[in-house]
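Novice: Just passing along the structure, written as structure tokens.
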Ligand code: GDP
């Protein structure tokens, strides 16, 4: 991930090496190269504009520190700005003070929700929590079964409608699941909801209805990072239709450019909280903006 962006930025910084002082022309040229690098990485245009303007401003205004040469100074600025657009601080899950913490997953079909649900459950279990997965994706024929298989692999309870029962009533399933979680003292409930191939009103309404029933502590929007700018557009639609608190980026293993990761926070105002980077249940981690920025600049 970020391979092209990393290379591009490294080349840009190389051109500054050995310079004792940065002229206005050096700063302009550097800003231009950073702009191209970000556009090639498929970062949303408004985010690129803001980023480049901030780097330029700071490069001009920054005190020349004794410890850093101009090239290092620029790297430092770019690093800090990257951390900023990636969300700054790591945003951790918020747990409910009483009763089970409810995490609802929303996103398009194929985004990786069902896979992610099991990954998140395993991760929580490893931290000593007792999660329950809820199969409220009744749209995709195999989704319930897939969640059951993955849940079993993760060693986590899965609440699913009986075959032939509850089909077509995901809101009812979600309601029953909440009662069951309270009865069985699970402390986290992860609700997998249905996606569609594209954004549509019915999908949004269903997700909103489930949300109203389960009253989630966190709604996580799950999105395939490989779709680049489309991830940002889809996120905006879900933000309006359902609302969400955080983003999970999936398939980072297949995303060479990183545009979604770099744009989504700035465009939606919601932080990326988790990253999924493979099909194995353990290919999952908390998203740390500072580590991600360091990876780009490595
Ligand atoms: P859903 O429709 O949103 O529930 O999506 P699924 O969980 O069924 O995932 C769709 C496909 O993407 C499946 O084949 C998953 O194995 C695959 N997948 C999910 N997450 C990742 C990931 O992080 N990396 C890769 N390479 N594949 C993934």
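Novice: Once you order the gyration tensor axes a ≥ b ≥ c over the Cα atoms, which shape class does the range 2-55 get: rounded for a/c under 1.5, otherwise prolate or oblate by comparing a/b with b/c? Provide the component values of the computation, followed by the final result.
Specialist: Values: a/c = 3.19, a/b = 1.42, b/c = 2.24.
Because a/c hits 1.5 or more and a/b fails to exceed b/c, the range 2-55 counts as oblate.
Novice: Another question, then. Could you state the number of Å between the C-alpha centres of the range 33-50 and the range 197-242?
Specialist: The distance from the Cα centre of the range 197-242 to that of the range 33-50 comes to 25 Å.
Novice: How large is Rg over Rh for the range 85-238, taking Rg from the Cα atoms and Rh as the Kirkwood inverse mean of 1/r across Cα pairs?
Specialist: Numbers: Rg = 14.8 Å, Rh = 15.6 Å.
Result for the range 85-238 is an Rg/Rh of 0.95.
Novice: Can you sort 22, 39 by how many other beta carbons sit within 10 Å, fewest first?
Specialist: Details: 22 20, 39 14.
With the sparsest Cβ surroundings first, the list reads 39, 22.
Novice: Evaluate 2.2 N^0.38 Å with N set to the residue count of the range 1-106, then give the Cα radius of gyration divided by it.
Specialist: Numbers: Rg = 17.8 Å, N = 106, 2.2 N^0.38 = 12.9 Å.
This ratio for the range 1-106 stands at 1.38.
Novice: Name the residue, out of 135, 67, 179, whose mean-square fluctuation peaks in a Gaussian network model built on the chain with Cα pairs under 10 Å.
Specialist: 67
Novice: Would you mind giving the three semi-axes, in whole Å and largest first, of the ellipsoid equivalent to the range 131-170 according to its Cα gyration tensor?
Specialist: Numbers: eigenvalues 62, 20, 12 Å².
Listed largest to smallest, the semi-axes of the range 131-170 are 18, 10, 8 Å.
Novice: Run the simple label-point estimate for residue 148 and residue 21 please: 7 Å along Cα→C-beta, distance reported in nm.
Specialist: Computed distance between label sites residue 148 and residue 21 equals 7.4 nm.
Novice: Tell me the relative contact order for the range 1-156 as a rounded percent, counting alpha carbon contacts under 8 Å between residues six or more apart.
Specialist: Details: 107 pairs, mean separation 26.4, N = 156.
The normalised contact order for the range 1-156 reaches 17 percent.
Novice: Another question, if that's okay. P(r) tail for the chain, what percent of Cα pairs lie past 27 Å?
Specialist: Values: 19639 of 44253 pairs.
For the chain, the share of Cα pairs beyond 27 Å comes to 44 percent.
Novice: What does the highest-first list of 13-21, 100-108, 268-276 look like by mean Cβ count within 10 Å? All intermediate terms of the calculation are to be shown ahead of the outcome.
Specialist: On the way: 13-21: 11.9, 100-108: 25.7, 268-276: 20.2.
Result, highest mean Cβ count within 10 Å first: 100-108, 268-276, 13-21.
Novice: I've got another one for you. Quote the relative contact order of the range 157-216 in percent (integer), defining contacts as alpha-carbon pairs under 8 Å separated by 6+ residues. Kindly include the intermediate steps, with their values, before the conclusion.
Specialist: Working: 27 pairs, mean separation 22.2, N = 60.
About 37 percent, as a whole number.
Novice: Mind grabbing the base-10 log of I(q)/I(0) for the range 46-160 at q = 0.11, 0.20, 0.23 Å⁻¹? Debye formula, identical points on the C-alpha positions, no solvent, two decimal places.
Specialist: With no solvent term, the Cα-only Debye profile gives -0.61, -1.02, -1.26.
Novice: Once you put a point 7 Å from the Cα of residue 140 and another 7 Å from the Cα of residue 98, both along the Cβ direction, what distance in nm separates them?
Specialist: 3.7
Novice: Based only on Cα atoms, what Rg/Rh ratio does the range 186-284 have, Rh being taken as Kirkwood's radius?
Specialist: On the way: Rg = 13.4 Å, Rh = 14.0 Å.
Rounded to two decimals, Rg over Rh is 0.96.
Novice: How do the peptides 213-219, 147-153 rank, highest first, by the average count of neighbouring beta carbon atoms within 10 Å per residue? If you can, show how the numbers build up before the last one.
Specialist: Working: 213-219: 20.1, 147-153: 18.4.
Answer by packing, highest mean first, reads 213-219, 147-153.
Novice: Okay, next question. When you count, for each residue, the other Cβ atoms within 10 Å and take the mean per peptide, how do 244-255, 119-130 rank with the highest first? Kindly include the intermediate steps, with their values, before the conclusion.
Specialist: Details: 244-255: 22.6, 119-130: 18.0.
Result, highest mean first: 244-255, 119-130.
Novice: Here's a follow-up. Considering only 277, 266, 23, give the residue with the highest GNM mean-square fluctuation for the chain, with springs between Cα atoms whenever their separation is below 10 Å.
Specialist: 23
Coordinate-derived values only; no laboratory data. These numbers were taken from a predicted model, which means no experiment stands behind them. No Cβ is skipped: glycine too gets one built from the backbone with ideal geometry, and neighbour counts run over all protein chains shown.
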